[in-house]
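Structure, as structure tokens:
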Amino acid sequence: QDEEKWDFVLVSDIHEVGSEKEIKRKKFLDELSKKGFAIKKIEDKKLFYGVRAPKQIFRKYQQLLRNPDSRLQNSDVHQEVPVTTRIRIVNFILNNTVTPDLEKLQDLKKKKVFEAAFPLHEKEEVREFLKEKWARWRSVFSQQPIEKIRCYFGEKVALYFAWLGWYTYLLGIAAVVGLVLFVAGITVFSSSQVSKEICEASTTIMCPLCDQKCPFWVLSDTCTYAKVTHMIDNEGTVLFAIFMAIWATVFLELWKRQRATVVNDWDLYRWDEDEEELAMQLINNLQHEPRKYQHSYFRSTIVLLLGLVMIAVLIGIAHALVIYRVIAMALFSQSSFEFLREQADTVAVMTGAVLHYITIVIMTKVNRRVALFLCDLEKPRTFSQRENNFTMKIFTFQFFTNFSSLIYIAFFLGRINGHPGNYVRIAGKWRLEECHPSGCITDLFIQMAIIMLLKQTISNVMEYLIPWIRHKMNKKKRRPKKRSLMLGEEEEAEDPCKRQWLNNYQLGEVNPFSLFDEFLEMVIQYSFTTIFVAAFPLAPLLAFCNNLFEIHLDAIKMMRLYRRMVPRKANDIGIWLQVLEAIGILAVIGNGLVIAITSDFIPMVVYKYTYSPCMTENSTDVDCSTGYINHSLSVFRIRDFEPDTKVPEMLPDFAGDEIKECRYRDYRNADDYSYTVQFWHIFAARLAFLILFEHVALCVKLIAAWYIPDVPQSVKNQFLDRKHNDLRKELRWVMPQEGA
């Protein structure tokens, strides 16, 4: 039975005898035979070659990488090498075997000599267990069998699922807090003084929102919008932003502990990747010389410059989206549909968000190409180093792709557009958009909601459906063969391997970066849930629901739809930890900026404690934010409009000659439109709050990081005991010799 276990299967087309491809294939297989590999050939519509490595290869591996602990107890007992290690070694040797023409398997695949090489999904009990208990929708809420995943897919995949499970578990807490705040906003917001004032302001005439067909309008028209804004933009938001900054730190600290516990059970705590790679190289070829470390400032400079160019392009795309929204706004507000005219700004923001999502999808593919190209320029030494370089680059690019538009909406929208009579224009023609009178945070909320919903629904559906449909199509293709057997045609007994190899071949191909893609998707989602969470308290809830599905989507894809992954060893999630820590710091800065700049929290606080009736008249029975709306609008004289602006029709309820002035949202003087004292007062308060918020949040993060130790005491104690016992054994071994 054991003889029939094959480590890898190579697939190739049936080439003509004597053709160049056939010769190349023979040379490669001969090299493998020289190394002692057993090779079995099965012919179908393609040629399948099963390869099995000789036992001495694994003995060498065990000998070179013995744990110091095992050296003493069982120096002569050969334990079986685990299947995952077996596959990893064979994969390494296959990829590093060189034919006499100096070609490796990778080159032969490019030249279509071989079509595919993959390890097999075996009928082991581990696999059956995982298929039944893990890769099923009904096990959504049950604990993941990390140990079993490790036995089947290797440490790296197991760590990904351990991390994802832990992240989802802690997201649950953040989701509940966010939901409570959101519900509190909904129940409390209708009673807010500010939205009451907006709803009652039926005599406050506002300046037109565009140049041509827009009328003057009355502030009370935006009553519902104001209520919605207050639902998101209230005092609770500040607390939630601080809570999420602390949550991000605690999550990472607890993950470090979790990881230490998991890895300690695997005996990988002190495992060294370089040593592993060198050992495999030597097993494959004794004459092998290691690649030396290299660093060239010239290359680094070029990579840096190209990276900056790429970032500039991504920021340019964000600008293009801004221009789209400005022009869309102008066109919608002049359209013949009444609905479009009245909701022009909301529709422009929504279509802008959908467009942004489409650019994200397209640019993700472009970013990948660019990042790979930059990686090849750097010539990294090992696979893991290459992966780290690639990670940093693609994360940076993806970050700008996903967030540049949001950053614009959060911090620039409505702050750089001038004032009536002197607007900032694109190409001298189109006015830059402004925020809604009840604040800019709603625009950010809409944008975040649309992108998160689209990203999570469409991307997940596509990610699962495409391989699933391909899988079903392949199944259909190979049905008819059985019927010919029914008719009683003679057929020689079918090789038991043939069916298994064919089934494996028909599964989807595994991309070497597939695990990387899953990580990237989750890390970008993590940035969405932490960086602008002040504007979108529902982000953690959406992420939580998405991840419950994500874990099982990934599980089903790996178990049922794709060929088996080549297991990789790892003892942590690698450079992703640094990326997550960087996001944690960005989250503090981002949320501080959202509260200080985007939200109306600071202007309202300043108003309450300096200009409000509570302060000026010492009357305690009124709400302190009474009069805030009137205070935050400036006056504009109609006769100062720019010459090319059509002064709009007057409102029907007012007599034609009454409107001499209109109001707009800013702190400017009525005579020369310069900034008022209040503007600078609020500006100073915003800066002070920002500095205070960031320092407090970062201090709390540092305290949390210090308070929670990275490695649990139990793990440290196990280590201590192990060392102690080993040293004892060494001594016992030395003592009798001295006596001799």
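Looking for whichever is outside any helix (DSSP H, G or I), of a type outside the set (S, T, N, Q) and open to solvent by less than 50 Å² (accessible area, probe 1.4 Å) here; the options are LEU286, LEU314, LEU252, LEU268. Which one fits?
Numbers: LEU286 fails: open to solvent by less than 50 Å² (accessible area, probe 1.4 Å); LEU314 fails: outside any helix (DSSP H, G or I); LEU252 fails: outside any helix (DSSP H, G or I).
One residue alone meets the criteria, LEU268.
Just need a number here: residues in region 623-648 that are among the β-branched types (Val, Ile, Thr), surrounded by 12 or more Cβ atoms within 10 Å (Cβ to Cβ) and either touching a strand residue (DSSP E or B) at 6+ places or on another chain (Cβ under 9 Å) or closer than 22 Å to GLY428 by Cα (or both). Write out each step before concluding.
If we filter region 623-648 for residues that are among the β-branched types (Val, Ile, Thr), which is where we start, we get 626, 629, 635, 638, 645, 647.
The next check asks that each one be surrounded by 12 or more Cβ atoms within 10 Å (Cβ to Cβ); those that pass are 626, 629, 635, 638, 645.
Now narrow it down to the ones that are either touching a strand residue (DSSP E or B) at 6+ places or on another chain (Cβ under 9 Å) or closer than 22 Å to GLY428 by Cα (or both): 635, 638, 645.
Within region 623-648, residues that are among the β-branched types (Val, Ile, Thr), surrounded by 12 or more Cβ atoms within 10 Å (Cβ to Cβ) and either touching a strand residue (DSSP E or B) at 6+ places or on another chain (Cβ under 9 Å) or closer than 22 Å to GLY428 by Cα (or both) number 3.
Condition check: touching a Ser or Thr at 6+ places or on another chain (Cβ under 9 Å) and crowded, with 18+ Cβ neighbours inside 10 Å. Does ILE232 satisfy that?
On the way: touching a Ser or Thr at 6+ places or on another chain (Cβ under 9 Å): yes; crowded, with 18+ Cβ neighbours inside 10 Å: yes.
So ILE232 fits the description; yes.
Can you pull out the helices (runs of 4 or more DSSP H) entirely within region 82-188 that have at least 3 residues that are within 20 Å of ARG568 (Cα to Cα) and either without any contact (Cβ under 8 Å) to a residue 12 or more places away in the chain or open to solvent by less than 40 Å² (accessible area, probe 1.4 Å) (or both)?
Because the criterion is at least 3 residues that are within 20 Å of ARG568 (Cα to Cα) and either without any contact (Cβ under 8 Å) to a residue 12 or more places away in the chain or open to solvent by less than 40 Å² (accessible area, probe 1.4 Å) (or both), the helices (runs of 4 or more DSSP H) in region 82-188 that meet it are 83-96, 125-133, 146-153.
Would you mind listing the helices (runs of 4 or more DSSP H) fully within region 494-565 where at least 3 residues are crowded, with 21+ Cβ neighbours inside 10 Å? Walk me through it before giving the result.
Working: elements: 496-505, 514-531, 539-556.
Answer list for region 494-565: 514-531, 539-556.
Open to solvent by 70 Å² or more (accessible area, probe 1.4 Å) and among the basic types (Lys, Arg): is that true of ARG325 in this structure?
Working: open to solvent by 70 Å² or more (accessible area, probe 1.4 Å): no; among the basic types (Lys, Arg): yes.
When the stated conditions are applied, ARG325 does not pass them.
Which of the residues spanning region 191-215 are in a loop (DSSP other than H, G, I, E, B), surrounded by fewer than 19 Cβ atoms within 10 Å (Cβ to Cβ) and modelled with pLDDT of 80 or more?
Scanning region 191-215 gives SER202, THR203, THR204.
Of the numbered conditions (1) modelled with pLDDT of 85 or more; (2) over 30 Å from VAL176 (Cα atoms); (3) out of contact with any Lys or Arg (no Cβ under 7 Å at 6 or more places or on another chain), VAL566 satisfies every one except a single condition; which is it?
Here VAL566 clears every test but (3).
Determine which single condition LYS393 fails, assuming it passes every other condition in (1) touching a residue at least 60 places away in the same chain (Cβ under 8 Å); (2) surrounded by fewer than 15 Cβ atoms within 10 Å (Cβ to Cβ).
(2)
Looking only at residues that are open to solvent by 20 Å² or more (accessible area, probe 1.4 Å) and touching a Lys or Arg at 6+ places or on another chain (Cβ under 9 Å) in region 7-28, which one is farthest from GLU103 (Cα to Cα)? Spell out how you get there, then give the answer.
Of the residues in region 7-28, the ones open to solvent by 20 Å² or more (accessible area, probe 1.4 Å) are 13-24, 26-27.
Still in the list and also touching a Lys or Arg at 6+ places or on another chain (Cβ under 9 Å): 13-15, 20-21, 24.
Values: ASP13: 19, ILE14: 20, HIS15: 18, GLU20: 13, LYS21: 12, LYS24: 9 Å.
Looking at residues that are open to solvent by 20 Å² or more (accessible area, probe 1.4 Å) and touching a Lys or Arg at 6+ places or on another chain (Cβ under 9 Å), I get ILE14.
Which residue out of ASP671, ASP721, ASP666 is over 21 Å from VAL594 (Cβ atoms) and modelled with pLDDT under 90? Step through it out loud before you land on a result.
On the way: ASP721 fails: modelled with pLDDT under 90; ASP666 fails: over 21 Å from VAL594 (Cβ atoms).
Being over 21 Å from VAL594 (Cβ atoms) and modelled with pLDDT under 90 holds for just one of ASP671, ASP721, ASP666, which is ASP671.
The values are calculated or read from the model by the stated rules, or taken from the named source; none is laboratory data. Everything quoted here is computed from the prediction, not taken from an experiment. Cβ atoms come from the backbone with ideal geometry, glycine included; neighbour counts cover every protein chain shown. Please note that ligands, DNA and RNA were not included when accessible areas were found on the heavy atoms of the full protein model with its side chains. Shrake-Rupley method; radii C 1.70, N 1.55, O 1.52, S 1.80 Å.
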